[in-house]
Structure formats: structure tokens, C-alpha cells
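*Asks:* Sharing a structure with you now.
The values are calculated or read from the model by the stated rules, or taken from the named source; none is laboratory data. Everything numeric here is computed off the predicted structure, so don't read it as measured data. So basically every Cβ, Gly included, is an ideal-geometry build from the backbone, and we count neighbours across all protein chains shown. The accessibility values were calculated without ligands, DNA or RNA, using every heavy atom of the protein model including side chains. Shrake-Rupley method; radii C 1.70, N 1.55, O 1.52, S 1.80 Å.
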Amino acid sequence: MEAEGRVPGPPPPPLPPAGGGIGAELPAIPPGAARAPLLGAPAEVLELDDEEDDLEVFSKDTSLAEANSFSPSMTISPSSMINQYKFEDEPELRDLFITVDDPESHITAIETFITYRVITKTSRGEFDSCEYEVRRRYQDFLWLKSKLEEAHPTLIIPPLPEKFIMKGMVERFSDEFIETRRKALHKFLNRIADHPTLTFNEDFKIFLTAQAWELSSHKKQGPGLLSRMGQTVRAVASSVRGGVKNRPEMFTEMNDYMETFSQKINVLDKIAHRIYKEEREYFNEMKEYGPIHTLWSASEEDIADSLKGVASCIDKCCKATEKRMAGLSENLLPILHEYVLYSEILMGVLKRRDHIQSELDSKIDALANKKADKDLFSEEIGKLEDKVECANNALKADWDRWKQNMQCDMRSAFTNMADNNLHYYEECLATWESFLASQTVDCHGEEDSEDRP
Amino acid sequence: DEPVPAEGRHTAVPGRALHEGTQQMEDCLAKKMEITVSEAEKRTGRNAMNMQETYTAYLIETRAVESQNEGQCSPVDSLWRRYSEFELLRNYLLVTYPHIVVPPLPEKRADFVWHKLSADNMDPDFVERRRIGLENFLLRVASHPVLCQDKIFYSFLTQEGGWKEMVNETGFQLKADSRLKALNATFRVKNPDKRFTELKHYSDELQSVISHLLRVRARVADRLYGVYKVHGNYGRVFSEWSAIEKEMGDGLQSAGHHMDVYAASIDDILEEEEHYADQLKEYLFYAEALRAVCRKHELMQYDLEMAAQDLTSKKQQCEELATGTMRTFSLKGMTSKLFGQETPEQREAKIKILEEQIQEGEEQLKSKNLEGRDFVKSAWADIERFKEQKNRDLKEALISYAVMQISMCKKGIQVWTNAKECFSKM
């Protein structure tokens, strides 16, 4: 049950099973003992079936959340990036805090790579300690993502920053590149931590806590990258073969939505980048524009002050433009980019769901053809039916959650962009108005009386 | 001197108000006569080589001011002139009043353009800005204490037919100094008035800095245009995206509308800025007019110096002949020494001629000196007038630029406030 307009929060069911096995998600009454109580707020929130209690708690949260997430005046300053990551849970409800920082370069005979420090603070019982510090490289993040996809094929796994960035002329290991990547990795882990199911994934826990050698040996176990790739390849192949016949209406709608969304978000990403580029070019020209007036003032007497005044205004506006650009690159651009990646992820998730269903469908078809071995088939089909139902439910719930987050992210990103522009114009206005005031005082109240069109 | 009645009666549409400076001029034409360049028209005709050409003609309208004060509406006289006739007028003024800083014409070809502006002379926006510039030129001349009294100028405004012939009959082209002569003088003059030398440097600096400013301004305008226009794309995409969203749809759609408004607003903003650029351009061209006055001074001074030098050498020659000594080497002297001396009678004759020449030379030198001093005095008076006008105009231009920026910022604030509200409702 999801109340209209409430905080995007964890839907009461389903709770994750311990350890993520394939297809093991079952809507179940959560075993209360398996989880440590959440910090501060009543842990029963997620465990009670009682509607009223849920609503009550959520309405309390809503007011808090609204003050934070829905308020148009919320400005996300670069220094408090942490605010961006509380999608649904208030700090009091969180019991897992992760930061990614301190990139360090490692040079070996074979390669050069960067590791990032991952610090985890938690109060959960299943963690032996309450604080962990490990170092991870990009490869490790890739591994984690693939394990999560393997374990939860129809959940929406957050996007990882790309291996290379082609556009933007950023050097592979430039400070800018590393910082952008670091922020994205930080977001990645926090999104997983906020996900009601993924947060309890065993591989996730190992990622956060294991020492380097422990992680290596753990990685070597299990099906590995190839099998996951195979899964997706099969899924893509089956979708290429013409889609699924009995796809529920809901998922067809999702597919249609995602196709359009994907298109639009890609275009928006391009537009935003283009605007950044134009603003940068504008900034470059403005840098030259102001000083010319100062140069001119050197050959003048009477109007030297006016000229210097104009030069100073232009320089201030120039700096304001720089700030505007920074705001764009710190906020809107990364978010749009993430959703470009998300749209690919979602298309993949939908395909995987289709694939699971097609396994069921083909078995049903086979049963229809071979009347013999009915019992054996029935059992298999029963299992597959469960699998499909799980996958569908998981996806449905995660989809709703994703949409809520997307709406929230988009709202805050674009509101922030509007704010950036507002601040820019307000700053410029103040600059020019004070210049004008200084000039009209000198002229004894003489203002621009010419009827200039 | 009867004004030729124009083809049709048009109501004067002033492009720019009378310049402030005219309020200080007591007796100038601009006070007595309202002058506007109200229209521009494309024409085709045949040029001197009988080839077809297209040009723009401008309608000059004049109306006496006095009768307006009596409550009567006086008739409007008008005639058509093309740019080349304006040029002819200006060249005439340059030659006839070399001590005056003659107001410049608007540019012949579109310069300092950014990508959206056309460099085409026939482009309607260019023609419109030129019309305003030509009107400004006429007003400047009409409010100049000396130039406004010129008969040729008055005829330019009031007499359509035969004006060209009238100008050419003044023979001003013959009075023009050759460029080569002027250049020569610039390099060789020994003692120009220091103020003119400084003025020349100033005009060079002014020209250089204003060109640089205009070039960068055009680039800035180009970039600003880009920033605004790309935002227009948001409008389209938001609208398309809103179609698949339920809760976000309204907010997106209305925000998109504001993005369109934002993108469209830059056109007016930059058009206004072009007028500011034109104000600066006028002073860019004024720098050339300043230099012209300096050049004239150098020429006169050089002329003076040459005349003085000539006089001195003649005096020396005379002295040598009289005393029989040869202080300076002269080929004539040497040859006469080698090939025999002159007779006393021949010498006497020579001395007599020289003495006549010397007297003539001294008179000429006297008048040249006077001329030079008069020139410096009147030129400097006009230069002071010009300086005050320039300071006034440029300060005002800078203020108007600030006003434009303020208006642009206010528009931006309004649009983004609206957009922010829409986004927050998403």
C-alpha cells in the first residue's frame, strides 16, 4: 500500500532474504529477529501490517521529508553533497553510512590504477564492527555491480560511472576525471545502501568490509563474470527474436515509457552539455571584454572612472558566470548523465524479466506439445511460475521506487539549475545597479534621457 | 533658394531625439529646423558606366521650428539623398573647414558583425541603423556653431536638384591637400605644436581601443546568443517528455514554456546593444576626424618651416654675394670660382632679385605665421568643444549600456523565477 504523495520510502513488502540467491525474493513476513533495530525511529515501521501505524509514521516523516526534498528553496551546495543521497530514509532511519574519498594512484610494473578509500559506519548487527575502512579500485565496483545483477536480475541496480569518458576532452587520470568518478562511485554505493533489498546483499557487505586479499579470494568463487554476461546475452538475444508473447500489460507500458524516456533523457543530456559549452565560451570572451575598458580609461580623464566602473562590472559578471557553470557541472550534468545510464539499465532489466518469462512460456509450449512427462513438467513449470511472479513483483516495486526517486532527482536538479541562474542574474543586477547609482550621482541626477530604442 | 517641394508629404518620424549638445548651442540651425532622416528606400538606376545598380535612398525631412511655437504646424519639406551624396557633402566640409573636427558618417560597410548580423549593405537591419546614423550626422552638423551656417549644407537639406553641381562648382576638390603631401609633412615637420602631437597619439589610442572593444563585444554577443538559444531546446524536449509523465507533466510543460520565453528574449536585447555599438562606432570614426585636423596642422607647420628655411638660405646667399665671402658651399659659387668670376653688374642684378624675393618671402612668412596661429587657435577651440561633447556622449553611452544590462538581468530573474516555480511543482 502506498499512500498518494507520500515520501518515496521503502514499500513495506518485500523484505530481502539473507544473502541474495537467484529468484529467492519472496514476499514474506519479515523475520523480526533477523535485523537490528533501526537507529532512532521505530523499527516496527517496516514490519507491521497495521496500516494506520504505517501512515502515521510516514506522515511524520513526510513533513520532515517535505521540508528537505520538496522545498523549492533547497539549494544543494557542493560542499554538502551528502544531502543529495538521502533519497528516502531520513538520517535517523539510516544505519549504514558510506563515503568514498581519497583517491590514490598505484603504479606497478604492469599497470597504473587508482584506488579509493571506502569508509563504512554502521550499527547493524550483522556487521562485526561498527566502522570499516577499505581501499577499492574501479574493477572492484564493476565486480560488485555484476554480482548484484546476477543476484537480482529484475532489480534496478544503480549506474556506475563509465570506464572512459569520450566527450569532454578529459584526460584519463586527470584530477577532474578522478573527482567526477569518485563522486559517482560514492553515489553508487549510497544508492545500494538505500535500496531496501540490495542493502542486505552479502556481496555488498563483503565489498564494504573485506580486506584486499579477502576480496580477491572471494571474487574467485562463484559463477563469475562470464556467466552473468551469458545471462544478459541470452536475454538480449531472446528479445531480439521478437519479444515476449504473454508480456503483462504493465511491462509493455514500462517498455514504451522507457523507450521515450531514454530518448528524452539523452537529448536533455546533450542540451545541458551544449549549454555548458556555450557558457564556457561566453566566459572566455568576457574575460577579455572587461580589461579593454580599463585599458581605455588610461587614455581618458573625464570618463576614466566610468570606464573603470564598467570594467569592474564586467569582471564581476564574468566571475558570476563561472559560478553558474560550476553549478551546472556539479549538479545538473551528473544527474542527467546518471539517468542516461539508468535508462540503459532499465531497458536491460526489462529484457531480463522478459527472458525469465520466456523460459516459462517455452516450457509451457513444450508441455502443450508433449503430453507425456506431465507431472515432471508441472513441477518445473510451477517453479518457473514462481520465478516469474517474483521477478515481476520485484521489478514492479523497484520500478515504483525508481520513478519516485527520478521525479525527486529531476525536480531538485532542475530547481537547482533555475536557482543557479537566478543567483547569477541577481548578482549581475546588483553590480550594474550600483554602477548606475555611482554614475547618476556624479551627473547630478542626469540619467539616460535619450530615447534610445 | 526656394526649397523644392517633395513628391509627397510624409509625417516626420524621428529616429533619435535631438542630441543633448544642441541645447547648448545658441544660434545653430538645429534650433531653427527640425531635421530627420525618416525613410529608406531601395532604388535601381544606372551608374556612370551605364550599368544597372541597386542602391538605397534616404528621405530627409525638414521643418521650420518657429512656426510650431506659434501653434501652427509648418509644412514638411523633403528630398531623397543617397549615401554617396552624404559622402560628397562631408568631403566638402572636410576641405572647406580643415580646422573643424567634422562629424563622421556611419560606416559604409557593416563591420564588427557577429554571426546573426548580416554584412550585406542591403540588409534591412543594416539599412535601418544606417538611417539613424545619417540622421545623427545631419543633426551633429546642424548643431555645430560653424558648420551649420554653411550654404552647401543648407542646400543639401533643402535643394534636391542641382546640388551636386553646386558642390563641384565650389572647386573644393582642387583645394584638397594631397595625401602624399600630408604624409611627407608628418614625417618631416620639426616643431609641431605639442598639443597636436599629443592629440594625434590620443586619437590613435582611441581608434585602437574602440576597435578592439567592438570586436570583442561582437564575439561576446555571439556567445550570449548561443547560451540563450540552446535553452530553447529545453522547451521542446520538456513538452515531449511531459507526455509520458503523470505527476511531472504539468510542471515540465510550463517550465518548457518559460525556457522558450528565455530563448526568445535575447533577440531584442542584442538589437538594443547594436545601437550602443553604433554610438561607440561614431567615436571610432571621430578619431579619424581628429587626426585629419592634426594632419592639417602638421602640413601648415611644415609649410611654414620650409618657407622660413627658404628665406634664411636666400638671405645667406644675398649676404655672400654682397660681401664676396662664401660661408656655405654652393655649386654656383664653386663653378664661378673655377670658370671665372661674375661681373659686378651681374652680381648687382642677382642681389636685387634676391632682395625682392626676400621681401616677398618675409611677407609670405608673416602671413603664413598668422594663418598658422589662427588655425591653431580656432582648431583648438573646436577640439575643446569636441572633447566636452565626447565626454558627455561616451559617459551617457556607458550609462545606457548599464541600463541595458540591468534590463536584461531583470528579464532573466523573472523568467527563472517562473521556471523555478514550475520545476518545484514537478
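*Asks:* Taking the alpha carbon gyration tensor of the range A:351-399, what are the square roots of 5 times its eigenvalues, largest first, to the nearest whole Å?
*Replies:* Working from the Cα gyration tensor, I get semi-axes of 24, 11, 5 Å.
*Asks:* Nearest 20 debye, what's the magnitude of the dipole of the range B:78-174 about its Cα centre given +1 on Lys and Arg Cβ and -1 on Asp and Glu Cβ?
*Replies:* Result for the range B:78-174 is approximately 120 debye, rounded to the nearest 20.
*Asks:* What is the ratio of the Cα radius of gyration of the range B:94-217 to 2.2 N^0.38 Å, with N the residue count, to two decimals?
*Replies:* 1.33
*Asks:* Within straight cross-link reach of A:Lys220, meaning Cα distance under 29 Å, which lysines are found once same-chain residues fewer than 8 apart are removed?
*Replies:* Straight-line reach from A:Lys220, under 29 Å: A:Lys121, A:Lys145, A:Lys147, A:Lys163, A:Lys183, A:Lys187, A:Lys205, A:Lys351, A:Lys387.
*Asks:* Interface size between chain A and chain B, please: total buried accessible area, 1.4 Å probe, rounded to the nearest 100 Å².
*Replies:* 6300 Å²
*Asks:* In the structure displayed, which of A:Lys319/A:Lys403; B:Lys164/B:Lys281; B:Lys32/B:Lys368; B:Lys31/B:Lys181 lie more than 30 Å apart, Cα to Cα?
*Replies:* A:Lys319/A:Lys403; B:Lys32/B:Lys368; B:Lys31/B:Lys181
*Asks:* Here's something else I'd like to know. Ratio of alpha-carbon Rg to the 2.2 N^0.38 Å globular estimate for the range A:260-371, to two decimals, please.
*Replies:* My calculation over the Cα atoms of the range A:260-371 gives 2.14.
*Asks:* I need the Kirkwood Rh of the range B:236-284: take the reciprocal of the average 1/r across all distinct C-alpha pairs and report it in angstrom.
*Replies:* One over the average 1/r among Cα pairs gives 13.1 Å for the range B:236-284.
*Asks:* For every other residue with a beta carbon closer than 11 angstrom to the beta carbon of B:Ala264, add +1 if it is Lys or Arg and -1 if Asp or Glu, then tell me the sum.
*Replies:* -1
*Asks:* For the charge dipole of chain B, defined by +1 on Lys and Arg C-beta atoms and -1 on Asp and Glu C-beta atoms about the Cα centroid, which residue among B:Ser400, B:Thr36, B:Phe153 has the Cα displaced farthest towards the positive pole?
*Replies:* B:Ser400
*Asks:* Counting each pair of different Cα atoms once, what's the Kirkwood radius of the range B:153-275 in Å, rounded to one decimal?
*Replies:* Hydrodynamic radius (Kirkwood, Cα only) of the range B:153-275 equals 21.1 Å.
*Asks:* Can you order the peptides B:360-370, A:396-406 by their average number of other Cβ atoms within 10 Å per residue, highest first?
*Replies:* Result, highest mean Cβ count within 10 Å first: A:396-406, B:360-370.
*Asks:* Calculate what fraction, in whole %, of the accessible area of chain B sits on carbon and sulfur atoms when a 1.4 Å probe is rolled over the protein chains.
*Replies:* Ligands and nucleic acids excluded, carbon and sulfur give 51 percent.
*Asks:* Using alpha carbon centroids, what distance separates the range A:127-163 and the range B:376-397, in Å?
*Replies:* Centre-to-centre (Cα) distance: 75 Å.
*Asks:* Can you give the mean number of other chain Cβ atoms that lie within 10 Å of the Cβ atoms in peptide B:201-213?
*Replies:* Averaged over the peptide's residues, the number is 3.
*Asks:* Lys/Arg Cβ at +1, Asp/Glu Cβ at -1, dipole of the range A:247-447 taken about the Cα centre: which of A:Ala397, A:Thr440, A:Ile292 is farthest positive-ward?
*Replies:* So the residue furthest toward the plus end is A:Ala397.
*Asks:* Then there's this: Using alpha-carbon positions, what is the distance between the centroids of the range B:182-240 and the range A:371-418, in Å?
*Replies:* Here the answer is 63 Å between Cα centres.
*Asks:* Quick check on chain B: what are the equivalent-ellipsoid semi-axes from the Cα gyration tensor, as sqrt(5λ), descending, whole Å?
*Replies:* 61, 28, 20
*Asks:* Place a +1 charge on the Cβ of each Lys and Arg in the range B:175-300 and a -1 charge on the Cβ of each Asp and Glu, then give the dipole magnitude about the Cα centre in debye, rounded to the nearest 20.
*Replies:* About 1500 debye.
*Asks:* Would you mind getting the Kirkwood hydrodynamic radius of the range A:240-292 from its Cα pairs, rounded to one decimal in Å?
*Replies:* Computed over the range A:240-292, the radius equals 14.7 Å.
*Asks:* To continue, here is another question. Have a look at A:Ala326, A:Phe283, A:Gly382 and report the one farthest towards the positive end of the charge dipole of the range A:247-447, computed about the Cα centre with Cβ charges (Lys/Arg +1, Asp/Glu -1).
*Replies:* The residue sitting farthest along the positive end of the dipole is A:Gly382.
*Asks:* Two decimals, Cα atoms only, Kirkwood Rh: what is Rg/Rh over the range B:349-396?
*Replies:* So for the range B:349-396, dividing Rg by the Kirkwood Rh gives 1.50.
*Asks:* If you don't mind, there's one more thing I want to ask. Treating only the Cβ of Lys, Arg, Asp and Glu as charged (+1, +1, -1, -1), what charge dipole size does the range A:247-447 show about its Cα centre? Round to the nearest 20 debye.
*Replies:* 1080 debye
*Asks:* Once the convex hull of the alpha carbons of the range A:247-447 is built, what does its volume come to per residue, in cubic angstrom?
*Replies:* Spelled out: Cα convex hull of the range A:247-447, divided by residues, is 115 Å³.
*Asks:* Please sort B:93-102, A:271-280 by packing, taking for each peptide the average over its residues of neighbouring beta carbons within 10 angstrom, highest first.
*Replies:* Listed from highest to lowest mean packing, they are B:93-102, A:271-280.
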